[in-house]
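Q: This structure is in structure tokens; I'll ask about it shortly.
Here, each number is a calculation from the coordinates, and none is a lab measurement. All of these numbers come straight from a predicted model, not from anything done at the bench. All Cβ positions, even for glycine, are placed from backbone atoms using ideal geometry, and neighbour counts span all protein chains on display.
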Amino acid sequence: MKLFGLIGKQLSYSFSANYFNEKFHKENLKNSIYRDFELNSITDFQKVIRDNSTLHGLNVTIPYKEVIIPYLDEIDPIAKEIGAVNTIKFLKNGMLKGYNTDVIGFRNSIKPFLDPNHSRALIFGTGGASKAIAYVLKSLGIPYYLVSRDPSSAKEISYHDLDESSIASFRFLINCTPLGTYPNVAEIIPIETHAIGKKHLVYDLVYNPKESRLLRIAQSQGAIAVNGLSMLKIQAEESWKIWNS
């Protein structure tokens, strides 16, 4: 039996187990199974490895994409530059290697929607996912700011720094926070949403519900509104390729 899984905290919302187990069923991969591993602390990671000798690959989600790195033996250069890992491959020598498939997931899911209006971006949140998003924007030549409740670098600004004109002028908005995720569907990032208009592209990594409150408002005001489901599917397939390479 080949075991694959997801490590994170509060995984009841996660899409990964259903996605992969349906994939295994459709492709008649009877010897493969995917399960969730909820960890109260990243220090529990080593117990997961010890107790599951048939593990062949893992995905990593909130809040462990960054703190998992010291527990790995090797890091892919892109993941190292980003500073976040969301895919772990079990090498034949028993070592663990970290990758970041959020990069290709975001890049491939957003490219069909980009146009010259989307020349500057605001990334809401500063966790592991936002670092992958920032990496992609940099590679596409799109300048950006990270928006944080507690800014800690020159590339970060506070929500308090944003007014109506800021939202109107930055026409590519990307939510990397969990705000709006089921069951807390009324939550939304604290910005002047009435400033979102027809020239905006609003991308929300939240995928449950399919249309977050942020996306619902954006769409009602004429903006292009995209959720994170396609990104998840692309990054999941990239993870599968890595595990089987």
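Q: Please report LYS92, LYS138, LYS23 as a ranked list, fewest other C-beta atoms within 10 angstrom at the top and most at the bottom. Present the calculation step by step, with values, prior to reporting the outcome.
A: Values: LYS92 5, LYS138 12, LYS23 15.
Least crowded to most crowded, the residues run LYS92, LYS138, LYS23.
Q: A follow-up question, please. In whole Hz, with x marking every Gly and Pro, tabulate ³J(HN,Hα) for the range 115-123 from phi via Karplus 6.51 cos²θ - 1.76 cosθ + 1.60, θ = phi - 60°.
A: Couplings: 9, x, 5, 9, 8, 9, 10, 10, 9 Hz.
Q: For the range 153-230, what are the per-bin percents of Cα-Cα distances with bins 5 Å wide, up to the bin holding the maximum?
A: Taking all Cα pairs of the range 153-230, the binned fractions are 3, 17, 27, 26, 18, 8, 1 percent.
Q: Report the rotationally averaged projected area of the chain based on its alpha-carbon convex hull, in square nanometres.
A: Numbers: hull surface 53.5 nm².
For the chain, the mean projected area of the Cα convex hull comes to 13.4 nm².
Q: Can you give the Kirkwood hydrodynamic radius of the range 2-100 from its Cα pairs, in Å with one decimal?
A: Details: mean 1/r = 0.0725 Å⁻¹.
So the Kirkwood estimate lands at 13.8 Å.
Q: Something else: Would you work out which of ASN31, ILE62, GLN46 lies farthest towards the positive end of the dipole of the range 2-100? Charges go on Cβ: Lys and Arg +1, Asp and Glu -1.
A: Going by the Cα projections, it comes out as ASN31.
Q: I need to check one value: relative contact order of the range 171-245, counting alpha carbon pairs closer than 8 Å and at least 6 residues apart, in percent.
A: Numbers: 121 pairs, mean separation 22.3, N = 75.
Result for the range 171-245 is 30 percent.
Q: DSSP loop GluC sites (Glu not before Pro) in the range 19-110 with at most 13 other Cβ atoms within 10 Å of their Cβ, which ones? Mind showing how you got there, number by number?
A: Values: sites: GLU22, GLU27, GLU38, GLU66, GLU74, GLU81; in loops: GLU27, GLU66.
Answer by residue number: GLU27.
Q: Now for a separate question. Do you know the relative contact order of the range 56-178, to the nearest whole percent, from alpha carbon pairs under 8 angstrom that are 6+ apart? Don't skip to the answer; put the middle values down first.
A: Details: 193 pairs, mean separation 27.8, N = 123.
Relative contact order, the range 56-178: 23 percent.
Q: Next up: With an 8 Å Cα cut-off and a minimum separation of 6 or more residues, compute the relative contact order for the chain in percent. Mind showing how you got there, number by number?
A: On the way: 464 pairs, mean separation 37.4, N = 245.
The normalised contact order for the chain reaches 15 percent.
Q: Taking the Cα centre of the range 103-231 as the origin, how large is its charge dipole in debye, to the nearest 20, when only Lys and Arg (+1) and Asp and Glu (-1) carry charge on their Cβ atoms? Don't skip to the answer; put the middle values down first.
A: Working: 13 positive and 10 negative charges, 94 e Å.
Using Cβ point charges on Lys, Arg, Asp and Glu, the range 103-231 gives about 460 debye.
Q: Separate question: From the residues ILE123, VAL103, TRP240, which one has its Cα farthest along the dipole of the chain in the positive direction, the dipole being from +1 and -1 charges on Cβ of Lys/Arg and Asp/Glu about the Cα centre?
A: About the Cα centre, the residue reaching furthest to the positive side is TRP240.
Q: Would you work out the Kirkwood radius for the range 142-185? I mean one over the mean of 1/r across all pairs of different Cα atoms, in Å.
A: Mean inverse Cα-Cα distance, inverted, gives 11.9 Å.
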